Amino acid sequence: MRREGLPASESRAPVAVLFQALPPPVIDGVRKPAKQGGYADSGADIAYALREAGVPVVTPVANPDPRVQEDWVFGDDAAGIEAARAAGARVLWANTVLFTGHPLEDVLNDVWIVGQDPRTQETFDDKWVTNEALRRAGHPVAASVLVSARRASGRLGLDALTQAQLEAHALSFPLVLKPMRGRGSQGVVRVADLGQLQAVAAELLAAREQGVPRFGDTLILEQYLAGEELTVTVMPPARFVLGGVPHDYAHAWALPPVRRFHHQDGVAPYSGEVAVVDNSEVLGPAARWEPRVKVLLEKCALAAGLLGVTAPIRIDCRSDEQGTFRLFDLNLKPNMTGPGRPGRQRQDSLVTLSAQAFGWSYRDLLAHLHSQAWRLRRQG
(Lines give C-alpha, C1' and ligand atoms only; values in the text may rest on other atoms or scores of the structure.)
Protein backbone atom coordinates (compact mmCIF):
# COMPACT_ATOMS: atom_id res chain seq x y z
CA MET A 1 0.00 0.00 0.00
CA ARG A 2 1.59 3.25 -1.16
CA ARG A 3 0.69 6.65 0.27
CA GLU A 4 1.33 10.17 -0.89
CA GLY A 5 1.60 13.27 1.25
CA LEU A 6 -0.36 16.49 0.97
CA PRO A 7 1.29 18.68 -1.71
CA ALA A 8 1.82 22.40 -1.25
CA SER A 9 -0.89 23.04 -3.84
CA GLU A 10 -3.44 21.49 -1.45
CA SER A 11 -2.32 23.36 1.67
CA ARG A 12 -5.55 25.40 1.62
CA ALA A 13 -7.80 22.40 1.03
CA PRO A 14 -10.91 22.63 3.25
CA VAL A 15 -10.95 20.35 6.30
CA ALA A 16 -13.82 18.50 7.98
CA VAL A 17 -13.35 16.84 11.38
CA LEU A 18 -15.03 13.46 11.95
CA PHE A 19 -16.24 12.14 15.29
CA GLN A 20 -17.21 8.60 16.32
CA ALA A 21 -20.84 8.22 15.24
CA LEU A 22 -20.47 4.53 14.39
CA PRO A 23 -20.66 2.01 17.24
CA PRO A 24 -17.34 0.17 17.64
CA PRO A 25 -17.41 -3.21 15.88
CA VAL A 26 -17.17 -6.54 17.67
CA ILE A 27 -13.64 -7.86 17.06
CA ASP A 28 -12.71 -11.30 18.40
CA GLY A 29 -15.79 -11.20 20.60
CA VAL A 30 -14.92 -7.78 22.09
CA ARG A 31 -16.54 -4.41 21.49
CA LYS A 32 -14.13 -1.65 22.50
CA PRO A 33 -15.86 0.74 24.93
CA ALA A 34 -16.99 3.88 23.13
CA LYS A 35 -16.32 7.31 24.58
CA GLN A 36 -19.45 9.21 25.53
CA GLY A 37 -19.97 11.78 22.79
CA GLY A 38 -17.64 9.95 20.41
CA TYR A 39 -14.77 12.47 20.69
CA ALA A 40 -17.04 15.27 19.51
CA ASP A 41 -15.54 17.45 22.25
CA SER A 42 -11.97 17.16 20.98
CA GLY A 43 -13.24 17.23 17.39
CA ALA A 44 -14.83 20.61 18.04
CA ASP A 45 -11.61 21.79 19.74
CA ILE A 46 -9.66 20.79 16.63
CA ALA A 47 -12.06 22.37 14.14
CA TYR A 48 -12.34 25.61 16.13
CA ALA A 49 -8.56 25.96 16.58
CA LEU A 50 -7.88 25.19 12.91
CA ARG A 51 -10.34 27.88 11.83
CA GLU A 52 -8.75 30.34 14.27
CA ALA A 53 -5.38 29.48 12.71
CA GLY A 54 -6.70 30.40 9.27
CA VAL A 55 -7.23 26.86 7.94
CA PRO A 56 -10.46 26.51 5.88
CA VAL A 57 -12.84 24.35 7.92
CA VAL A 58 -16.27 23.13 6.82
CA THR A 59 -18.92 22.44 9.44
CA PRO A 60 -22.41 20.89 9.51
CA VAL A 61 -23.98 24.30 10.22
CA ALA A 62 -23.25 27.66 8.61
CA ASN A 63 -22.43 29.55 11.80
CA PRO A 64 -21.22 27.02 14.41
CA ASP A 65 -21.54 28.00 18.06
CA PRO A 66 -18.17 27.51 19.84
CA ARG A 67 -20.07 26.18 22.86
CA VAL A 68 -21.93 23.48 20.88
CA GLN A 69 -19.52 20.71 19.94
CA GLU A 70 -21.92 19.06 17.49
CA ASP A 71 -21.89 22.22 15.36
CA TRP A 72 -18.26 21.55 14.42
CA VAL A 73 -18.02 17.85 13.54
CA PHE A 74 -19.39 15.33 11.06
CA GLY A 75 -20.18 11.70 11.87
CA ASP A 76 -17.68 9.08 10.72
CA ASP A 77 -20.40 6.96 9.12
CA ALA A 78 -20.99 6.91 5.35
CA ALA A 79 -23.66 9.62 5.58
CA GLY A 80 -21.40 11.89 7.61
CA ILE A 81 -18.46 11.46 5.27
CA GLU A 82 -20.69 12.14 2.27
CA ALA A 83 -22.07 15.28 3.95
CA ALA A 84 -18.57 16.54 4.74
CA ARG A 85 -17.46 16.06 1.14
CA ALA A 86 -20.65 17.68 -0.18
CA ALA A 87 -19.84 20.69 2.01
CA GLY A 88 -16.51 20.99 0.20
CA ALA A 89 -14.09 19.07 2.43
CA ARG A 90 -11.03 17.66 0.69
CA VAL A 91 -9.27 16.76 3.94
CA LEU A 92 -10.98 14.50 6.50
CA TRP A 93 -9.57 14.65 10.02
CA ALA A 94 -10.31 11.21 11.49
CA ASN A 95 -10.72 12.07 15.16
CA THR A 96 -12.32 8.69 15.75
CA VAL A 97 -11.56 5.01 16.26
CA LEU A 98 -10.90 3.37 12.90
CA PHE A 99 -11.09 -0.29 11.95
CA THR A 100 -11.01 -2.58 8.93
CA GLY A 101 -14.16 -1.99 6.91
CA HIS A 102 -14.67 1.53 8.23
CA PRO A 103 -16.46 3.77 5.67
CA LEU A 104 -13.34 5.92 5.47
CA GLU A 105 -11.66 3.10 3.55
CA ASP A 106 -13.95 3.80 0.60
CA VAL A 107 -12.47 7.28 0.07
CA LEU A 108 -8.78 6.79 0.88
CA ASN A 109 -7.90 7.37 -2.78
CA ASP A 110 -10.10 10.44 -3.13
CA VAL A 111 -9.54 12.63 -0.06
CA TRP A 112 -6.64 13.52 2.21
CA ILE A 113 -6.65 11.94 5.67
CA VAL A 114 -5.30 13.14 9.00
CA GLY A 115 -5.19 9.99 11.11
CA GLN A 116 -4.14 6.37 11.07
CA ASP A 117 -4.77 3.83 8.35
CA PRO A 118 -7.91 1.92 9.48
CA ARG A 119 -6.30 -1.52 9.21
CA THR A 120 -3.24 -0.40 11.15
CA GLN A 121 -5.39 1.02 13.92
CA GLU A 122 -7.49 -2.13 14.25
CA THR A 123 -4.43 -4.39 14.34
CA PHE A 124 -2.54 -2.47 16.99
CA ASP A 125 -5.58 -1.55 19.04
CA ASP A 126 -5.11 -5.06 20.41
CA LYS A 127 -2.71 -4.47 23.30
CA TRP A 128 -1.52 -8.07 23.34
CA VAL A 129 -0.73 -8.15 19.61
CA THR A 130 1.10 -4.83 19.91
CA ASN A 131 3.18 -5.83 22.92
CA GLU A 132 4.09 -9.17 21.36
CA ALA A 133 5.24 -7.42 18.17
CA LEU A 134 7.35 -5.02 20.21
CA ARG A 135 8.74 -7.80 22.38
CA ARG A 136 9.81 -9.81 19.33
CA ALA A 137 11.57 -6.71 18.01
CA GLY A 138 13.54 -6.40 21.24
CA HIS A 139 11.69 -3.47 22.82
CA PRO A 140 11.48 -3.24 26.64
CA VAL A 141 7.85 -4.28 27.18
CA ALA A 142 6.27 -5.16 30.52
CA ALA A 143 6.09 -8.93 31.12
CA SER A 144 2.58 -10.30 30.64
CA VAL A 145 0.40 -13.36 29.97
CA LEU A 146 -3.12 -13.95 28.71
CA VAL A 147 -5.68 -15.31 31.16
CA SER A 148 -9.23 -16.57 30.77
CA ALA A 149 -11.78 -18.25 33.02
CA ARG A 150 -10.41 -21.66 32.08
CA ARG A 151 -7.18 -22.75 30.50
CA ALA A 152 -7.11 -22.58 26.70
CA SER A 153 -4.51 -22.37 23.94
CA GLY A 154 -2.09 -19.60 24.82
CA ARG A 155 -4.01 -18.64 27.99
CA LEU A 156 -3.64 -19.48 31.64
CA GLY A 157 -6.81 -20.61 33.40
CA LEU A 158 -7.93 -18.37 36.23
CA ASP A 159 -9.80 -21.26 37.84
CA ALA A 160 -6.58 -23.14 38.61
CA LEU A 161 -3.95 -20.42 38.49
CA THR A 162 -1.01 -20.85 40.85
CA GLN A 163 1.82 -18.69 42.12
CA ALA A 164 4.27 -21.08 40.47
CA GLN A 165 2.66 -20.58 37.05
CA LEU A 166 3.00 -16.84 37.41
CA GLU A 167 6.61 -17.06 38.52
CA ALA A 168 7.35 -19.19 35.46
CA HIS A 169 6.36 -16.15 33.40
CA ALA A 170 8.42 -13.73 35.54
CA LEU A 171 5.30 -12.39 37.23
CA SER A 172 4.71 -11.73 40.92
CA PHE A 173 2.13 -9.72 42.81
CA PRO A 174 1.08 -6.97 42.69
CA LEU A 175 0.04 -7.31 39.05
CA VAL A 176 -2.13 -5.35 36.63
CA LEU A 177 -5.22 -6.86 35.00
CA LYS A 178 -6.49 -5.13 31.87
CA PRO A 179 -8.55 -5.68 28.69
CA MET A 180 -6.98 -6.60 25.37
CA ARG A 181 -8.95 -3.82 23.67
CA GLY A 182 -9.59 -1.09 26.19
CA ARG A 183 -9.88 2.68 26.20
CA GLY A 184 -7.90 4.76 28.64
CA SER A 185 -7.81 3.21 32.11
CA GLN A 186 -11.25 1.55 31.81
CA GLY A 187 -11.05 -1.98 33.17
CA VAL A 188 -7.44 -1.56 34.31
CA VAL A 189 -7.01 -2.75 37.92
CA ARG A 190 -4.00 -3.45 40.14
CA VAL A 191 -4.45 -6.72 42.04
CA ALA A 192 -2.52 -7.66 45.19
CA ASP A 193 -2.98 -11.43 45.37
CA LEU A 194 -4.63 -14.46 43.80
CA GLY A 195 -7.89 -13.89 45.65
CA GLN A 196 -8.29 -10.33 44.41
CA LEU A 197 -7.25 -11.40 40.92
CA GLN A 198 -9.98 -14.03 40.83
CA ALA A 199 -12.63 -11.59 42.06
CA VAL A 200 -11.70 -8.71 39.75
CA ALA A 201 -11.29 -10.99 36.73
CA ALA A 202 -14.72 -12.52 37.31
CA GLU A 203 -16.25 -9.05 37.40
CA LEU A 204 -14.52 -7.93 34.20
CA LEU A 205 -15.38 -11.12 32.32
CA ALA A 206 -19.03 -10.85 33.35
CA ALA A 207 -19.38 -7.21 32.24
CA ARG A 208 -21.69 -6.62 29.27
CA GLU A 209 -22.27 -3.63 26.99
CA GLN A 210 -25.07 -3.68 24.41
CA GLY A 211 -25.34 -7.44 24.92
CA VAL A 212 -21.68 -8.05 24.07
CA PRO A 213 -18.93 -8.89 26.58
CA ARG A 214 -17.45 -5.52 27.44
CA PHE A 215 -13.94 -6.88 27.89
CA GLY A 216 -14.17 -10.20 26.05
CA ASP A 217 -13.33 -13.64 27.44
CA THR A 218 -9.57 -13.03 27.68
CA LEU A 219 -7.63 -10.50 29.74
CA ILE A 220 -4.01 -9.45 30.00
CA LEU A 221 -2.23 -10.03 33.30
CA GLU A 222 0.79 -7.78 33.36
CA GLN A 223 3.82 -6.91 35.44
CA TYR A 224 3.11 -3.97 37.74
CA LEU A 225 5.79 -1.35 37.30
CA ALA A 226 6.03 0.65 40.52
CA GLY A 227 8.41 3.37 39.33
CA GLU A 228 8.01 6.68 37.55
CA GLU A 229 5.43 6.90 34.76
CA LEU A 230 6.13 8.85 31.59
CA THR A 231 3.88 9.32 28.59
CA VAL A 232 5.64 9.80 25.26
CA THR A 233 3.94 11.28 22.20
CA VAL A 234 5.52 9.99 19.00
CA MET A 235 5.05 11.83 15.72
CA PRO A 236 5.27 10.36 12.20
CA PRO A 237 8.13 11.39 9.87
CA ALA A 238 7.90 15.08 9.03
CA ARG A 239 9.40 18.20 7.52
CA PHE A 240 8.60 21.55 9.11
CA VAL A 241 10.04 24.86 10.25
CA LEU A 242 10.18 25.76 13.95
CA GLY A 243 11.42 29.19 15.01
CA GLY A 244 12.76 29.81 11.54
CA VAL A 245 14.85 26.63 11.67
CA PRO A 246 14.03 23.80 9.21
CA HIS A 247 13.65 20.30 10.64
CA ASP A 248 13.59 17.06 8.70
CA TYR A 249 12.66 13.83 10.47
CA ALA A 250 12.97 10.88 8.13
CA HIS A 251 11.68 8.55 10.84
CA ALA A 252 9.17 8.67 13.70
CA TRP A 253 10.30 11.00 16.48
CA ALA A 254 9.31 11.78 20.06
CA LEU A 255 8.08 14.98 21.65
CA PRO A 256 9.19 15.83 25.23
CA PRO A 257 7.78 13.25 27.66
CA VAL A 258 5.13 14.00 30.29
CA ARG A 259 5.42 12.73 33.87
CA ARG A 260 2.22 11.35 35.43
CA PHE A 261 1.50 11.52 39.16
CA HIS A 262 -1.40 11.27 41.67
CA HIS A 263 -2.27 7.74 40.58
CA GLN A 264 -5.33 6.03 42.01
CA ASP A 265 -4.44 2.59 43.37
CA GLY A 266 -1.44 2.48 41.07
CA VAL A 267 -3.33 3.45 37.90
CA ALA A 268 -3.46 6.86 36.22
CA PRO A 269 -7.13 7.97 36.33
CA TYR A 270 -9.20 8.48 33.21
CA SER A 271 -8.84 12.04 31.87
CA GLY A 272 -12.63 12.41 31.81
CA GLU A 273 -12.61 12.17 35.61
CA VAL A 274 -9.36 13.97 36.47
CA ALA A 275 -8.08 16.70 34.16
CA VAL A 276 -4.67 15.91 32.68
CA VAL A 277 -3.32 19.27 33.86
CA ASP A 278 -3.99 18.19 37.47
CA ASN A 279 -1.83 15.06 37.42
CA SER A 280 0.73 15.60 34.67
CA GLU A 281 3.73 17.79 33.94
CA VAL A 282 6.30 17.91 31.16
CA LEU A 283 9.67 16.49 32.14
CA GLY A 284 12.25 19.27 32.50
CA PRO A 285 15.10 19.71 29.98
CA ALA A 286 17.77 18.32 32.34
CA ALA A 287 15.75 15.18 33.10
CA ARG A 288 15.19 14.57 29.39
CA TRP A 289 18.95 14.20 28.98
CA GLU A 290 19.21 11.39 31.52
CA PRO A 291 20.57 8.34 29.68
CA ARG A 292 17.60 6.13 30.61
CA VAL A 293 15.12 8.75 29.36
CA LYS A 294 17.03 9.24 26.11
CA VAL A 295 17.01 5.48 25.57
CA LEU A 296 13.26 5.41 26.26
CA LEU A 297 12.54 8.12 23.69
CA GLU A 298 14.60 6.27 21.11
CA LYS A 299 12.76 3.02 21.84
CA CYS A 300 9.37 4.73 21.59
CA ALA A 301 10.28 6.26 18.24
CA LEU A 302 11.45 2.87 16.95
CA ALA A 303 8.24 1.25 18.22
CA ALA A 304 6.10 3.76 16.32
CA GLY A 305 8.17 3.14 13.20
CA LEU A 306 7.62 -0.59 13.56
CA LEU A 307 3.86 -0.02 13.59
CA GLY A 308 3.99 2.26 10.56
CA VAL A 309 1.92 5.05 12.09
CA THR A 310 0.72 8.02 10.03
CA ALA A 311 -0.45 10.24 12.91
CA PRO A 312 0.63 10.88 16.52
CA ILE A 313 0.46 8.01 18.99
CA ARG A 314 0.85 7.99 22.75
CA ILE A 315 3.04 5.44 24.54
CA ASP A 316 2.71 4.98 28.30
CA CYS A 317 5.86 3.81 30.07
CA ARG A 318 6.98 3.07 33.62
CA SER A 319 10.26 2.22 35.27
CA ASP A 320 10.85 -1.12 36.97
CA GLU A 321 12.71 -1.79 40.23
CA GLN A 322 16.04 -1.27 38.45
CA GLY A 323 14.93 2.10 37.09
CA THR A 324 14.63 0.86 33.49
CA PHE A 325 11.63 2.20 31.62
CA ARG A 326 9.31 -0.31 30.00
CA LEU A 327 6.53 0.27 27.50
CA PHE A 328 3.15 -0.95 28.76
CA ASP A 329 0.46 0.71 26.63
CA LEU A 330 0.36 2.11 23.09
CA ASN A 331 -2.59 4.27 22.06
CA LEU A 332 -3.05 4.88 18.33
CA LYS A 333 -5.93 7.28 19.02
CA PRO A 334 -4.63 9.60 21.76
CA ASN A 335 -6.86 12.29 23.16
CA MET A 336 -6.49 15.57 21.22
CA THR A 337 -8.44 18.03 23.34
CA GLY A 338 -7.05 21.52 23.63
CA PRO A 339 -7.86 25.06 24.73
CA GLY A 340 -9.56 27.67 22.59
CA ARG A 341 -13.30 27.27 22.74
CA PRO A 342 -15.13 29.01 25.60
CA GLY A 343 -14.89 27.03 28.83
CA ARG A 344 -12.15 24.75 27.50
CA GLN A 345 -9.15 26.52 29.05
CA ARG A 346 -8.13 23.47 31.14
CA GLN A 347 -8.56 20.89 28.40
CA ASP A 348 -4.91 20.37 27.46
CA SER A 349 -4.30 16.73 26.57
CA LEU A 350 -1.06 14.85 27.12
CA VAL A 351 -0.22 15.39 23.45
CA THR A 352 -0.88 19.12 23.76
CA LEU A 353 1.36 19.41 26.84
CA SER A 354 4.18 17.67 24.98
CA ALA A 355 3.73 19.92 21.96
CA GLN A 356 3.87 23.05 24.13
CA ALA A 357 7.19 21.93 25.59
CA PHE A 358 8.45 21.40 22.05
CA GLY A 359 7.50 24.95 21.12
CA TRP A 360 4.09 24.46 19.50
CA SER A 361 0.84 25.99 20.64
CA TYR A 362 -2.29 23.89 20.18
CA ARG A 363 -2.92 25.70 16.90
CA ASP A 364 0.68 25.12 15.79
CA LEU A 365 0.38 21.41 16.53
CA LEU A 366 -2.84 21.08 14.56
CA ALA A 367 -1.48 23.08 11.62
CA HIS A 368 1.50 20.73 11.51
CA LEU A 369 -0.71 17.62 11.60
CA HIS A 370 -2.85 19.11 8.83
CA SER A 371 0.25 19.45 6.66
CA GLN A 372 0.95 15.72 7.24
CA ALA A 373 -2.33 14.58 5.66
CA TRP A 374 -2.03 11.58 3.33
CA ARG A 375 -4.04 9.49 0.88
CA LEU A 376 -3.51 6.25 -0.97
CA ARG A 377 -1.60 6.80 -4.15
CA ARG A 378 -3.83 6.72 -7.18
CA GLN A 379 -3.09 4.20 -9.90
CA GLY A 380 -2.08 5.33 -13.36
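Of the set (1) open to solvent by less than 20 Å² (accessible area, probe 1.4 Å); (2) in a helix (DSSP H, G or I); (3) β-branched (Val, Ile, Thr), all apply to Val309 but (2). If you go through segment 340-352 and pick out every residue that is surrounded by fewer than 18 Cβ atoms within 10 Å (Cβ to Cβ) and either within 21 Å of the chain's Cα centre (by Cα) or closer than 25 Å to Val245 by Cβ (or both), you end up with 1. Filtered by the rule that a residue be outside any helix (DSSP H, G or I) and either within 21 Å of the chain's Cα centre (by Cα) or buried (at least 16 other Cβ atoms within 10 Å of the Cβ) (or both), segment 275-300 gives Ala275, Asn279, Ser280, Glu281, Val282, Leu283.
For Leu205, the conditions (1) in contact with an Asp or Glu (Cβ under 7 Å, 6 or more places away or on another chain); (2) within 20 Å of Gln121 (Cα to Cα) are fulfilled apart from (2). Of note, Val188 does not satisfy the criterion of being of a type outside the set (D, E, K, R) and either in contact with a Phe, Trp or Tyr (Cβ under 6 Å, 6 or more places away or on another chain) or more than 19 Å from Val129 (Cβ to Cβ) (or both). The residue that is least open to solvent (accessible area, probe 1.4 Å), counting only those in segment 231-274 that are under 17 Å from Ala355 (Cβ atoms), outside any strand (DSSP E or B) and small (Gly, Ala, Ser), is Ala252.
Within segment 314-325, residues that are on the phi < 0 side of the Ramachandran plot and of a type in the set (Asp, Glu) reach partners that are in a loop (DSSP other than H, G, I, E, B) and open to solvent by less than 20 Å² (accessible area, probe 1.4 Å) with beta carbons closer than 7 Å, at six or more positions or on different chains, in the pairs Asp320/Leu225. In segment 364-378, the residue that is modelled with the lowest pLDDT out of those that are open to solvent by 10 Å² or more (accessible area, probe 1.4 Å) and in a loop (DSSP other than H, G, I, E, B) is Arg378.
Looking at the structure I just gave you, is Gln223 polar (S, T, N, Q), out of contact with any Asp or Glu (no Cβ under 9 Å at 6 or more places or on another chain) and either closer than 29 Å to Phe261 by Cβ or modelled with pLDDT of 90 or more (or both)? Outline the logic, then answer.
Working: polar (S, T, N, Q): yes; out of contact with any Asp or Glu (no Cβ under 9 Å at 6 or more places or on another chain): no; either closer than 29 Å to Phe261 by Cβ or modelled with pLDDT of 90 or more (or both): yes.
It is false that Gln223 is polar (S, T, N, Q), out of contact with any Asp or Glu (no Cβ under 9 Å at 6 or more places or on another chain) and either closer than 29 Å to Phe261 by Cβ or modelled with pLDDT of 90 or more (or both).
Scanning segment 153-165 for residues that are without any contact (Cβ under 8 Å) to a residue 24 or more places away in the chain and open to solvent by less than 50 Å² (accessible area, probe 1.4 Å) returns a single hit, Gly157.
Every test in (1) at positive phi; (2) open to solvent by 20 Å² or more (accessible area, probe 1.4 Å); (3) modelled with pLDDT of 95 or more is passed by Gly115 save one, and that test is (2). Using the structure shown, decide if Gly54 is touching a strand residue (DSSP E or B) at 6+ places or on another chain (Cβ under 8 Å), without any contact (Cβ under 8 Å) to a residue 40 or more places away in the chain, assigned to a loop (DSSP other than H, G, I, E, B) and not basic (Lys, Arg). When the stated conditions are applied, Gly54 does not pass them.
Residues are listed down the side, and each one gets a yes or a no for (1) within 20 Å of Glu229 (Cα to Cα); (2) surrounded by fewer than 17 Cβ atoms within 10 Å (Cβ to Cβ); (3) not aliphatic (A, V, I, L, M):
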{"position": "Arg151", "(1), (2), (3)": "no, yes, yes"}
{"position": "Leu171", "(1), (2), (3)": "yes, no, no"}
{"position": "Gly182", "(1), (2), (3)": "yes, no, yes"}
{"position": "Leu194", "(1), (2), (3)": "no, yes, no"}
{"position": "Ala199", "(1), (2), (3)": "no, yes, no"}
{"position": "Ala206", "(1), (2), (3)": "no, yes, no"}
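Filtering segment 1-47 to residues that are in contact with a strand residue (DSSP E or B) (Cβ under 8 Å, 6 or more places away or on another chain), more than 23 Å from Gly101 (Cβ to Cβ) and in a helix (DSSP H, G or I) leaves Glu10, Ala44, Ile46, Ala47. Would you point out the residue of segment 353-363, among those that are of a type in the set (S, T, N, Q) and closer than 15 Å to Leu283 by Cβ, that is surrounded by the fewest Cβ atoms within 10 Å (Cβ to Cβ)? Looking at the filtered set, the residue picked out is Gln356.
If you check Ala84 against the conditions, is it open to solvent by less than 10 Å² (accessible area, probe 1.4 Å), farther than 26 Å from Arg346 by Cα and part of a helix (DSSP H, G or I)?
Values: open to solvent by less than 10 Å² (accessible area, probe 1.4 Å): yes; farther than 26 Å from Arg346 by Cα: yes; part of a helix (DSSP H, G or I): yes.
In short, yes.
The values are calculated or read from the model by the stated rules, or taken from the named source; none is laboratory data. Remember, predicted model here, so these are calculated numbers, not experimental data. Using ideal geometry, Cβ is built from the backbone for each residue, glycine included, and neighbour counts are taken over all protein chains shown. Side chains included, ligands, DNA and RNA excluded: accessible areas come from the protein's heavy atoms. Shrake-Rupley method; radii C 1.70, N 1.55, O 1.52, S 1.80 Å.
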